[in-house]
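Please read through the structure below; I'll follow up with questions.
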Amino acid sequence: MQKIKTALLSYGMSGKVFHAPFLDIHPGFELLGSWERSKKLIQEDYPTVKSYPSIDELLSDDVDLVIVNTPVGTHYEYAKKVLLAGKHAVVEKAFTTTVAEAEELAAIAKEKGLKLAVFQNRRWDSDFKTVQKIIKEGTLGNLVEAEFHFDRYNPLLSPKAHKETANDGAGILKDLGPHLIDQAVCLFGSPKSVFGDIRYTRENSLVDDWMDLLLIYEDFRVRLKASFFVREANPAYTIHGKKGSFLKPRGDVQEDELKLGKKPNLESWGTESEDLKGLLHTEIDGKLIHEKIPTLQGNYFSFFDGVYDSIANDKKEPVTAQDGVKVMQIIEAAITSNAQRKVIDL
């Protein structure tokens with residue numbers, strides 16, 4: 001099996017939790033190391049890898065793929081440098097800070113024949129995969145509306161300066177927003193227009209921390225909401241169709257287990273609690289159904305499988321640069337909408 005030599009641009013939380021564990025267990029990748037500016041931590045977890053003192057030294061090594069997992073405001077600069085060095089890239093969300101940046105990265109990758117994927121791992125959350133299955137089966141009939149929530153209760157400001165300093169990459173719209181937007185686009189395609197309401201709700205907050213986006217499609221509507229002031233959780237997914245409804249709480253366990261240092265596997269990984277099953281209330285073949293639906297297994301490993309297949313077998317990336325462009329188009333439209341207090345056509 002071809003080994004894809006891979007390096008990280010950071011070994012903070014995302015590198016340690018979301019990337020290195022999967023690169024380590026996947027037989028198609030060889031984790032070479034990470035760029036580490038001050039703290040030298042990666043060798044504590046992976047003693048045989050390198051700690052690169054600079055991005056230039058990393059790019060001069062025999063690297064095939066680079067994970068751009070630095071703060072959002074640096075994604076464009078570093079991803080462009082990686083692509084111009086002839087390396088494939090995976091870029092964390094938000095892909096960039098503007099549509100123009102996203103389109104330029106996509107164009108460079110295409111021109112150079114390189115693979116460029118966006119790390120939208122939550123397409124492989126257990127809860128979202130279950131919602132996707134229910135919609136695909138058509139048991140709800142023609143959809144009327146859907147509402148997705150990514151809510152937390154956390155009134156305190158983050159200790160990470162880049163998250164709380166006013167900059168082009170900060171704020172909930174470019175942090176949690178890309179997860180919800182990408183899931184909506186993955187299910188329904190790009191909307192016709194967008195209305196955005198974006199607020200600052202925490203004391204002394206310098207960045208947006210509450211969002212309510214309305215995605216307007218021809219025959220239905222999708223609402224995307226995120227907040228730091230939700231003690232009692234709403235359903236993460238509420239979908240209403242002309243035949244029935246499906247309500248699903250957020251239940252994916254992968255992030256929490258990775259933070260605890262648990263190692264992913266291919267058997268039981270991503271199996272959420274039985275008490276978080278979604279509720280299906282619909283009519284099938286004249287029979288009224290009101291029952292809890294088993295949740296599919298989540299697995300971020302599938303994203304890395306897709307990245308491997310794209311590079312080794314010249315397949316399409318699991319989340320393409322064009323997917324990233326679409327998300328940025330909706331983010332930009334939401335910002336404009338919030339400023340002008342009107343619906344923005346895409």
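For the list (1) at positive phi; (2) buried (at least 20 other Cβ atoms within 10 Å of the Cβ), I need the number of the one condition that N204 fails.
Going through (1) at positive phi; (2) buried (at least 20 other Cβ atoms within 10 Å of the Cβ) one by one, N204 breaks only (2).
What's the total number of residues in the range 247-268 that are among the hydrophobic types (A, V, I, L, M, F, W, C), touching a residue at least 24 places away in the same chain (Cβ under 8 Å) and within 22 Å of F150 (Cβ to Cβ)?
Qualifying residue count, the range 247-268: 3.
If we keep just the residues of the range 215-236 that are free of Cβ contacts under 8 Å to residues at least 60 places away in the same chain and over 28 Å from Y300 (Cα atoms), which is surrounded by the most Cβ atoms within 10 Å (Cβ to Cβ)?
That would be Y217.
Which residues, counting only those in the range 42-55, are open to solvent by 20 Å² or more (accessible area, probe 1.4 Å) and either at pLDDT below 95 or closer than 15 Å to T70 by Cβ (or both)?
Residue satisfying the conditions is S54 alone.
Specify the residue that is surrounded by the most Cβ atoms within 10 Å (Cβ to Cβ); the eligible residues are those in the range 8-41 that are polar (S, T, N, Q) and farther than 23 Å from N299 by Cβ.
S34
For residues in the range 134-153 being open to solvent by 40 Å² or more (accessible area, probe 1.4 Å) and part of a loop (DSSP other than H, G, I, E, B), which is nearest to C186 (Cα to Cα)?
Selected residue: N142.
Is it true that some residue in the range 83-104 is surrounded by 18 or more Cβ atoms within 10 Å (Cβ to Cβ), of a type outside the set (D, E, K, R) and without any contact (Cβ under 8 Å) to a residue 40 or more places away in the chain?
Yes: one or more hits.
So in the range 154-181, with the set limited to residues that are without any contact (Cβ under 8 Å) to a residue 60 or more places away in the chain and among the polar types (S, T, N, Q), which one is surrounded by the most Cβ atoms within 10 Å (Cβ to Cβ)?
Looking at residues that are without any contact (Cβ under 8 Å) to a residue 60 or more places away in the chain and among the polar types (S, T, N, Q), I get S158.
The values are calculated or read from the model by the stated rules, or taken from the named source; none is laboratory data. Only a predicted model underlies this, so the values are computations on that prediction, with no experimental measurement involved. Every residue, glycine among them, receives a Cβ derived from its backbone with ideal geometry; neighbour counts consider all protein chains shown. Side chains are part of the model used for accessible areas, which takes the heavy atoms of the whole protein and leaves out ligands, DNA and RNA. Shrake-Rupley method; radii C 1.70, N 1.55, O 1.52, S 1.80 Å.
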